[in-house]
Amino acid sequence: MTDHSAAVDAAGALIRDLAAATSDPRDAYAGHAELVSVTTSLHALAQHLEAALEHLARHIERNDGALPGQVARQAGGGIRSAEAEARNMVRALGRSVEALGRVGPPPSAP
């Protein structure tokens, strides 16, 4: 069986590294292409996060008596709220990817 907690921890560490590496706006990104690439990757990450939250909520809601009913409902409801926020993140990042793609890279200097 896959160690899901370890996979989530590893993904969290990568996101923390990205946040730390891009904290200084003067040298955070190399240019337009990297901005598009990172935004597109974060969009895909948000899509996967939304799917993972949906699967987790479905599993908790299925419950099979492993959790008391009230705990399962509260936990499932909280995860469904997080799933909705992830869905909004997917939409917002999708709009960002579209906007960055419309602008295109700046012209290069002669």
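Only the coordinates and a few stated rules stand behind these numbers; no lab work does. Bear in mind the structure is a predicted one, so any value in this text is a computation, not a measurement. A quick note on method: Cβ atoms are made from the backbone with ideal geometry, for glycine too, and the neighbour counts reach across all protein chains shown.
Within the range 14-42, residues that are in a helix (DSSP H, G or I) sit with their Cβ atoms under 6 Å from residues that are among the aromatic types (Phe, Trp, Tyr), at 6+ positions apart or across chains, in these pairs: Leu35/Tyr29.
Kindly provide the set of residues from the range 43-58 that are charged (D, E, K, R) and free of Cβ contacts under 8 Å to residues at least 40 places away in the same chain, ordered by number. Break it down stepwise before answering.
Residues of the range 43-58 charged (D, E, K, R): 50, 54, 58.
Glu54, Arg58, listed by residue number.
The C-beta contact set for the range 87-100 (first residue without any contact (Cβ under 8 Å) to a residue 60 or more places away in the chain, second residue of a type in the set (S, T, N, Q), distance under 8 angstrom, 6+ apart or interchain) comprises Val90/Gln47; Leu93/Thr39; Ser96/Thr39.
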